[in-house]
Amino acid sequence: MQLPFTVEQFFDVFGHYNTDLPYAWLVLSILAVAGAVSAFIGYGRVPMVVLSFLWIWSGAVYQIGYFSGINSLANVFGGAFILQGVLFLIAAARGASLSAVPFAGWRIYIGAVFIVFALFVYPGLGTIFGHSFPRTPTFGHPCPLSIFTFGLLLWIGGSVPKYLVVIPLLWSLVGTSASVLFGVWEDISLLVAGIVSASLLLWPRNRA
């Protein structure tokens, strides 16, 4: 498949983003941890708002602000990410609650694995695979954010609004292409998280 940019340009975008906004990844990671902790202790709407901010940031700042410089489709991706952020706000307003407290079982553990992986393991794998900072994806970039989102969605209280799953699932297919085309092998985990999470989120709660 012919792409409008080179591998070098692809990693340069990460470098420019992480250099121009050197602490954004740290702030976003701390915010994500706060959202996960809020979900775990039962403050269900707080993580919804956190996810909204993270998706809007990733769409507006990374996709449209940086990635669109080498790929015009990033404007479309950015719009989809911003829409996802708005959908989280809508879900919160309608009473959807992200909380690990109301239920127990193996689904909560799978969600926890995805959350920990996105925040801590993913960046470590990037280093192992030779992607040195700043030319490497950090938290707040679309792929680790999507894995983190799948983890939190597995903690959702009550029935899962299906519209919250569509865009992250589609991005898991788009984003995983980087693992093959550019050697971002840690992104294979995105496809795994997408398939596993989408399957679990379509099951009745009493099977969890």
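Read-outs throughout are calculated quantities, based only on the coordinates presented, and are distinct from any laboratory measurement. No experiment lies behind these values; they were computed from the predicted model shown. Using ideal geometry, Cβ is built from the backbone for each residue, glycine included, and neighbour counts are taken over all protein chains shown.
Here are the numbers for this structure:
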| item | result |
| --- | --- |
| Single residue of the range 133-148 satisfying the filter (of a type in the set (Val, Ile, Thr) and in contact (Cβ under 8 Å) with a residue 60 or more places away in the chain) that is surrounded by the most Cβ atoms within 10 Å (Cβ to Cβ) | Thr136 |
| Tally of residues being hydroxyl-bearing (Ser, Thr, Tyr) and either assigned to a loop (DSSP other than H, G, I, E, B) or closer than 20 Å to Leu89 by Cα (or both) across the range 63-78 | 2 |
| Residue ID - farthest from the chain's Cα centre (by Cα), chosen from residues in the range 177-196 that are over 19 Å from Leu154 (Cβ atoms) and crowded, with 22+ Cβ neighbours inside 10 Å | Val184 |
| Check on Trp155, among the aromatic types (Phe, Trp, Tyr), under 19 Å from Ala112 (Cβ atoms) and in contact (Cβ under 8 Å) with a residue 60 or more places away in the chain | yes |
| Candidates Gly130, Gly111, Gly151 - the one that is part of a loop (DSSP other than H, G, I, E, B), out of contact with any Pro (no Cβ under 8 Å at 6 or more places or on another chain) and either buried (at least 20 other Cβ atoms within 10 Å of the Cβ) or among the small types (Gly, Ala, Ser) (or both) | Gly130 |
